[in-house]
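To start, the structure under review is shown below, and the notes come after it.
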Amino acid sequence: MAIKLALLKSGETVIADIMELVDENEKVVSLVFSSPFNVRLLTPELLMENSTGVQGEVEHRVSFYPWIVLSEDKKIAVDPTWVVSVVNPHEWIRTSYEEKMNSNTEEVQTKDLEESNNTETLIENFEVIQEENDGE
C-alpha cells in the first residue's frame, strides 16, 4: 500500500492509497485513489510569539471525512493534471488513516461523517528563540 497525501487544484488535501495507471509509453494517464478521505487541519497555522520568545507545546488536530461522500465507489480515478503534489503523510496521520480503513464497518463509516468523532491530535514541542538585535 502507498498511503499518500494529495494536494488537489481545488485546495483539498486527500489521503488515500494512491496508484498510477500508465500507458504503454510509461506516461501517467490516471491516478487511482483507493478509500480516499479529505484531511483538514483544525490547528491554527499562525504561531504568535512574545518579546521573550515562545516555548511550549503546539497541539495539531486534523479531521478526516470521506472524499466525494455521496459516492459508494471505493476506488476513484483522478485526472493527474488536477493533482498539484503527492507527498508522504506524517506517521501519526498515516496510522490514524490505516486504523479507520482496518475497522471497515458501517458504524465506523457513519462516525466518520461526524467531525467530533473524527479528529486526531498530535502535541508537538517547540521552542522559538528570539534573536538579539544589536541595534542595527
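Read-outs throughout are calculated quantities, based only on the coordinates presented, and are distinct from any laboratory measurement. Treat the numbers as computed from the prediction; the structure is a model and nothing was measured. Counting neighbours? That spans all protein chains shown, and the Cβs are built from the backbone with ideal geometry, glycine included.
Brief remarks on what is shown
- Karplus-derived HN-Hα couplings along the range 69-83 (A = 6.51, B = -1.76, C = 1.60, θ = phi - 60°), whole Hz, x at Gly and Pro: 4, 7, 9, 8, 5, 9, 10, 10, 7, 10, 5, x, 6, 8, 9
- Computed extension gain for L41 through E99, at 0.36 nm per residue and net of the alpha carbon distance, reaches 19.0 nm.
- Added length on full extension, which subtracts the Cα-Cα distance from 0.36 nm per residue, K9 to I68: 19.7 nm
- Per-residue Cβ neighbour rank within 10 angstrom, fewest leading, I68, I76: I68, I76
- Counting neighbouring beta carbons within 10 Å and listing from fewest to most, the residues K75, K100 come out as K75, K100.
- Under-5 Å amide H pairs with L42, H placed in peptide plane, nonlocal only: R61, V62, S63
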